[in-house]
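Inspection log for the structure reproduced underneath, given as structure tokens.
The values are calculated or read from the model by the stated rules, or taken from the named source; none is laboratory data. Remember, predicted model here, so these are calculated numbers, not experimental data. Neighbour counts are summed over all protein chains in view; Cβ atoms, including those assigned to glycine, are modelled from backbone coordinates with ideal geometry. Surface accessibility is based on the protein's heavy atoms, side chains included, excluding ligands, DNA and RNA. Shrake-Rupley method; radii C 1.70, N 1.55, O 1.52, S 1.80 Å.
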Amino acid sequence: MSGSPRVVVIGAGVVGAAVADELTARGWTDVTVLDQGALPLPGGSSSHAPGLVFQTNPSKTMAGFARYTVEKLSALAGPDGSWCFNPVGGLEVATTPERLAELRRRHGFATSWGIESRLVGPDECAAMHPLVDAARVLGGFHTPTDGLAKAPRAVAAQLARATDRGARVLGNHRVLDVLSGSGRVTGVRTDRGDVPADLVVSATGFWGPKTGALVDLTIPLLPMAHQYVTTTPVAALAGRNTEAAEASAPILRHQDRDLYFREHVDRVGIGSYAHRPMPVDLDALPAEGMPSVLGFTPEDFAPSWADARELLPALRDAEIDTGFNGIFSFTPDGTPLIGEHPGLAGFWVAEAVWVTHSCGVGQALARWLVDGEPGVDLHECDLNRFEEAQLAPSYVSTRSAQNFVEVYDILHPLEPPAQPRPLRVSPFHARQVELGAVFLEAAGWERPHWFEANAGLPEVSRIPERGEWASRFWSPIAGAEALVTRDRVAMYDMTPLKRLEVSGPGALDLLQRLTTNNLDKKPGAVTYTLLLESSGGVRSDLTVARLGEQRFQVGANGNLDLDRLTREAGDDVVIRDITGATCCIGLWGPRARDVLASVTSDDVSHAGFGYFRARSIHVDAVPVTAMRLSYVGELGWELYTSAELGLRLWDVLWEAGQRHGVIAAGRSAFNSLRLEKGYRSAGTDMTTEHDPYEAGLGFAVRPGDYVGSSAIAGRETPARRLVPLLLDDPAHVVMGKEPVWHDGTPAGYVTSAAYGYTIDASIAYAWLPAAAAEPGTPVHVEYFGERLPAVVAAEPLFDPEMKRIRS
Ligand code: FAD
Ligand code: THG
């Protein structure tokens, strides 16, 4: 493609408009925006969205998208200078002690992600909002830069700017098909003729699944109706707001009752998530008018109306004037869908996006198209993040509907979804159940976090208690499992670890070109290596075992790694996801060798089977690919076999391990042990926003030419670093994402945290500016509004001489 490619954007809602504006701002002016509806209000969700923008979000990326929306819309005006963004501020109130604590946690997220906010008392809530009664709230969370987006005006203003730069915007053009040839899009077919294109961006909102179906692409979102009403005039608001300004009081959330509020001059608009999930059949929608607006079902709103009048007594003199059930998108994990079709080059998606995040998403997508990278960490939003089983229609609808129900719930970071479970289980599942495994879920996998069978271990009594929040989805048994791993030996189920087989004449070249470390070693070598963006950010970290001249087994972090390798592979490489067909036990601890040696005739001595080596061995009758490495930092092996032999492998090791005091251990112990060793978790500790040196992974970088190599050249002395903190009071264990204060200002944020049972200290890894990252530097971690003193420590915190692993 030379010059400006021809881009067709399908959909003229907030997302399509933002994409068109951002693309043309970058000099890509051959942009055509098509919408099936009549402009300027084509009838999608944006045509009637009340436009509340609350920026605070547990996700750094989502908060960043919202911040950019506020910034951009604040600088944008409609006709006659009318506002696109009205910064009335945001107020979330608590009516329960649990919510009050949650607001403190949200204040932490806001601080971590650079959004100004304050915790306020009941009187201040009432002073800030004319309808809030101080006696009815326990406190609030105020974000002065939140406010109202005027969605239709923001659409018009962005499209006008794009048009000025050369874009075309065509209403009444329904896209009926996507044209393609040789694996690439070539255009779209509309009811008014074909439009050629090099790139097609689907910004069709909740119509996404239908648009995706045109190109055999599953768009995992569920269109659902959500109720919004406006009241008759409220006496207490008389004369407060001009027609032009519409509102002056902060937008208000009452999450304890799943409600939000805004002013419409002297009326109140109320949105509710309290009603039953109302999935929408796209085929039943009208083709004309306002297909996203369904008739109001007053019985569903009745409890919310009572709750609204309870919180805002002034509403008792008003009635519901208008109401509708408006449609928008929900996804299985609540985040948007952004990215390129895995099988059709040039077909891009930006869907399931709120008005709140629309400008940020538009900017990221435009950067991705123009610069080749989105410029922001998108792993939580990438279209291709889902596992195959997570794309099943029933999975998408179950999880998305659950997300609707939980949208304002207080969710613990470890809390597993209720359904559909169990979905993916390892071959050891039956044994784990017998041992009283407490399962949590990740990527559809059931993962034991600890085993009740270990409750009788004497070590349990040595494990310190912790705060209420940190003890959810936790047990002191996990601490005992960690100690036993360091003292004796434990079996960990590593089956959910994504495994890829990369083979063929081009396999080595592909992996050498895409990753940072040198993989050109003799078969039998295992290498820790990084997948980078061209700009040097860390996409993922991998272990690559060379099992043959042309055959590699890659230990990866998720579907995005598979997606990346698959896209980059030529015809001379075959990539297979072997995760489900295989299984893995991590056998780790000082007695791991004794256990393994007793069930194999292969040489597993240090001389015969060195650290970071891989080999085929037999464990009893089970053929196993053994790799001597350990994410927990102990002597031991990852033992892989095919799924049908897994149970036998487990039973053989279990039985042989009895003499050595083997236990089964879970993820909770695992996470603590890896943090003691300073092993990073990609996506949590570091993302594409960090380079390897900043992340402390410079040891995995080779000189040479590979994706990202030129970008990281000369960056060996970073300005910020990922470092471990130790909390002064070991009774406090934090969870991740908390702000870290240095010299009285927010300086960074926690990534992962755990209690280190071996070192008897509370660990929190955090990003800090280099000046604050020196060992010994005093800092504070803000946890539920409290500033906990901590100190930067030298790493690794455990076994710096690697005596455990290399013996
Ligand atoms: P849309 O605005 O739906 O645009 C998609 C466009 O694609 C449509 O115009 C449609 O006509 C067009 N299209 C579809 N298929 C085709 C085709 N085949 N050919 C041509 N054109 C096609 N978000 C907030 O941030 N804050 C809020 O307070 C808020 N409140 C809401 C309240 C309600 C009642 C509802 C329903 C939603 C609310 N939302 C809110 C969500 C928000 O409105 C949406 O997430 C957002 O508007 C989606 O924008 P979009 O551009 O992706 O989709
Ligand atoms: N096992 C396997 N593959 C994996 C992981 C795993 N891939 C994804 C993820 N986990 C990768 N993360 C790590 C992190 C650290 C180590 C291994 C995988 C590790 N590091 C040693 C260190 O830093 O000292 C050795 C590094 C080296 O010698 O280069 O062991 O758990 N199969």
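Just a few scattered comments:
- Note on segment 502-559: residues that are within 28 Å of the chain's Cα centre (by Cα), free of Cβ contacts under 8 Å to residues at least 60 places away in the same chain and outside any strand (DSSP E or B) total 1.
- So D603, is it charged (D, E, K, R), free of Cβ contacts under 8 Å to residues at least 12 places away in the same chain and either more than 16 Å from ligand 1 (Cβ to nearest atom) or under 30 Å from L344 (Cβ atoms) (or both): yes
- Restricting the first member to segment 636-665 and to residues that are open to solvent by 10 Å² or more (accessible area, probe 1.4 Å), and the second to residues that are of a type in the set (D, E), the beta-carbon pairs closer than 6 Å and six or more apart or on different chains are V652/D620; H660/D594.
- The condition (being of a type in the set (A, V, I, L, M, F, W, C), surrounded by 15 or more Cβ atoms within 10 Å (Cβ to Cβ) and outside any helix (DSSP H, G or I)) is satisfied by just one residue among L365, L378, L369: L378.
- Segment 200-237, residues that are open to solvent by less than 10 Å² (accessible area, probe 1.4 Å), more than 14 Å from ligand 1 (Cβ to nearest atom) and farther than 30 Å from V185 by Cβ: T231, V234, L237
- Criterion applied to L532, L562, L547, L542 was being away from ligand 1 (no atom under 16 Å from the Cβ), farther than 20 Å from Y640 by Cα and among the hydrophobic types (A, V, I, L, M, F, W, C), and the one residue passing it is L532.
- Residues being on the phi > 0 side of the Ramachandran plot and touching a Leu at 6+ places or on another chain (Cβ under 8 Å) - total across segment 173-206: 2
- Members of segment 316-332 that are under 36 Å from the mean Cα position of the chain (by Cα) and either exposed (fewer than 13 other Cβ atoms within 10 Å of the Cβ) or not in a strand (DSSP E or B) (or both): T331, P332
- Of all residue pairs spaced 6 or more apart or on separate chains, those with beta-carbon atoms under 7 Å, a first member in segment 186-212 that is farther than 30 Å from P279 by Cβ and more than 16 Å from ligand 2 (Cβ to nearest atom) and a second member that is modelled with pLDDT under 95 and open to solvent by 50 Å² or more (accessible area, probe 1.4 Å) are D198/M1.
- There is at least one residue in segment 25-42 that is surrounded by 23 or more Cβ atoms within 10 Å (Cβ to Cβ) and either β-branched (V, I, T) or within 16 Å of ligand 2 (Cβ to nearest atom) (or both).
- Segment 678-727, subset more than 14 Å from T529 (Cβ to Cβ), surrounded by 21 or more Cβ atoms within 10 Å (Cβ to Cβ) and among the β-branched types (V, I, T), residue farthest from ligand 1 (Cβ to nearest atom): V723
- Single residue of segment 266-284 satisfying the filter (over 28 Å from R106 (Cα atoms) and buried (at least 18 other Cβ atoms within 10 Å of the Cβ)) that is farthest from ligand 2 (Cβ to nearest atom): D266
- Those residues of segment 538-555 which are within 8 Å of ligand 2 (Cβ to nearest atom), under 21 Å from I712 (Cβ atoms) and open to solvent by less than 20 Å² (accessible area, probe 1.4 Å), in sequence order: S540, D541, L542
- Filtering G193, G171, G166, G205 for residues that are at pLDDT 95 or above, in contact with a Pro (Cβ under 8 Å, 6 or more places away or on another chain) and not charged (D, E, K, R) leaves a single hit, G171.
- Applying the criterion of being open to solvent by 50 Å² or more (accessible area, probe 1.4 Å) and part of a loop (DSSP other than H, G, I, E, B) to the residues of segment 160-173, the residue that is farthest from ligand 2 (Cβ to nearest atom) is N172.
- G580 small (G, A, S) and touching a Cys at 6+ places or on another chain (Cβ under 7 Å): no
- Single residue of D191, D177, D133 found to be more than 13 Å from ligand 1 (Cβ to nearest atom) and either more than 29 Å from the chain's Cα centre (by Cα) or hydroxyl-bearing (S, T, Y) (or both): D133
- Within segment 25-55, the set of residues being part of a loop (DSSP other than H, G, I, E, B) and more than 6 Å from ligand 1 (Cβ to nearest atom) comprises R26, G27, W28, T29, D30, A38, L39, P40, L41, H48, F54, Q55.
- Given (1) of a type in the set (S, T, Y); (2) surrounded by fewer than 22 Cβ atoms within 10 Å (Cβ to Cβ); (3) within 12 Å of ligand 1 (Cβ to nearest atom), number of the condition T356 does not satisfy: (2)
- R421 more than 16 Å from ligand 1 (Cβ to nearest atom) and not in a helix (DSSP H, G or I): yes
- Qualifying residue in segment 784-795 (condition: within 16 Å of ligand 2 (Cβ to nearest atom), of a type in the set (A, V, I, L, M) and open to solvent by 60 Å² or more (accessible area, probe 1.4 Å)): yes
- One residue alone among T111, T69 is at pLDDT 95 or above, under 27 Å from F328 (Cα atoms), in contact with a Ser or Thr (Cβ under 8 Å, 6 or more places away or on another chain) and not small (G, A, S), and that residue is T69.
- Qualifying residue in segment 141-154 (condition: without any contact (Cβ under 8 Å) to a residue 60 or more places away in the chain and over 28 Å from R787 (Cα atoms)): no
- Once segment 515-526 is narrowed to residues that are more than 15 Å from R615 (Cβ to Cβ) and in contact with a Lys or Arg (Cβ under 7 Å, 6 or more places away or on another chain), the residue that is surrounded by the most Cβ atoms within 10 Å (Cβ to Cβ) is T516.
- Checklist (1) within 22 Å of S47 (Cα to Cα); (2) touching a strand residue (DSSP E or B) at 6+ places or on another chain (Cβ under 7 Å) applied to L119, failing item: (1)
- Test: residue in segment 697-705 that is in contact with a Pro (Cβ under 8 Å, 6 or more places away or on another chain) and of a type outside the set (A, V, I, L, M, F, W, C): yes
- Residue selected from segment 1-24 under the condition assigned to a loop (DSSP other than H, G, I, E, B) and touching a residue at least 40 places away in the same chain (Cβ under 8 Å), by the criterion most open to solvent (accessible area, probe 1.4 Å): M1
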